Amino acid sequence: ARRMQGVTVAARFKTMPDYIGQDIHYFDTYNPLIRKENKLLQIAIEDAREVFLRTEAGNYEDVPKFAPVLNVGNQLKLLSTRLKLQFKK
């Protein structure tokens, strides 16, 4: 098991030896291995588990996830741009 550490081009993969040999079906918020990781890694592990379980069941569909805050921000920018264009005419 490996995780990516960093968000730039210099990001590296670091090994996670505690997870080798563990059953992915038990990777949830109550698992002690998962609880000791940081919050973002916990979310990533739970998301990977969900994708694995859906793929295993044969009903996985790739649906993009959008952050609600970013979506509202984009909608406000779009609205302000439309209003500016209408008033320029």
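Determine whether Leu53 is in contact with a helix residue (DSSP H, G or I) (Cβ under 8 Å, 6 or more places away or on another chain) and either hydrophobic (A, V, I, L, M, F, W, C) or modelled with pLDDT of 90 or more (or both).
So Leu53 passes the test.
Within the range 1-26, can you find the residues that are of a type in the set (A, V, I, L, M) and part of a helix (DSSP H, G or I)?
Ile24
What number of residues in the range 49-61 are part of a helix (DSSP H, G or I) and among the polar types (S, T, N, Q)?
Adding up the residues that qualify gives 1.
This table checks each residue for (1) among the hydrophobic types (A, V, I, L, M, F, W, C); (2) assigned to a helix (DSSP H, G or I).
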| position | (1), (2) |
| --- | --- |
| Asp28 | no, no |
| Glu37 | no, no |
| Asp47 | no, yes |
| Val63 | yes, no |
| Asn71 | no, yes |
| Lys77 | no, yes |
| Ser80 | no, yes |
| Phe87 | yes, yes |
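So which residues in the range 21-43 are without any contact (Cβ under 8 Å) to a residue 24 or more places away in the chain, surrounded by 12 or more Cβ atoms within 10 Å (Cβ to Cβ) and of a type in the set (A, V, I, L, M), if there are any at all?
Leu33, Ile34, Ile43
For a quick check of your reading of the model, give me the residue pairs whose first member lies in the range 1-14 and is free of Cβ contacts under 8 Å to residues at least 60 places away in the same chain, whose second is among the polar types (S, T, N, Q), with beta-carbon atoms closer than 9 Å and at least 6 apart or on different chains.
What qualifies is Ala1/Thr15; Ala1/Gln22; Arg2/Thr15; Arg3/Thr15; Ala11/Gln5; Arg12/Gln5; Phe13/Gln5; Lys14/Gln5.
Which of the residues belonging to the range 21-68 are within 16 Å of Arg2 (Cβ to Cβ) and over 18 Å from the mean Cα position of the chain (by Cα)?
Matches in the range 21-68: Gly21, Gln22, Leu33.
The values are calculated or read from the model by the stated rules, or taken from the named source; none is laboratory data. What you see is a predicted model; the values in this text were computed from it and never measured. Counting neighbours? That spans all protein chains shown, and the Cβs are built from the backbone with ideal geometry, glycine included.
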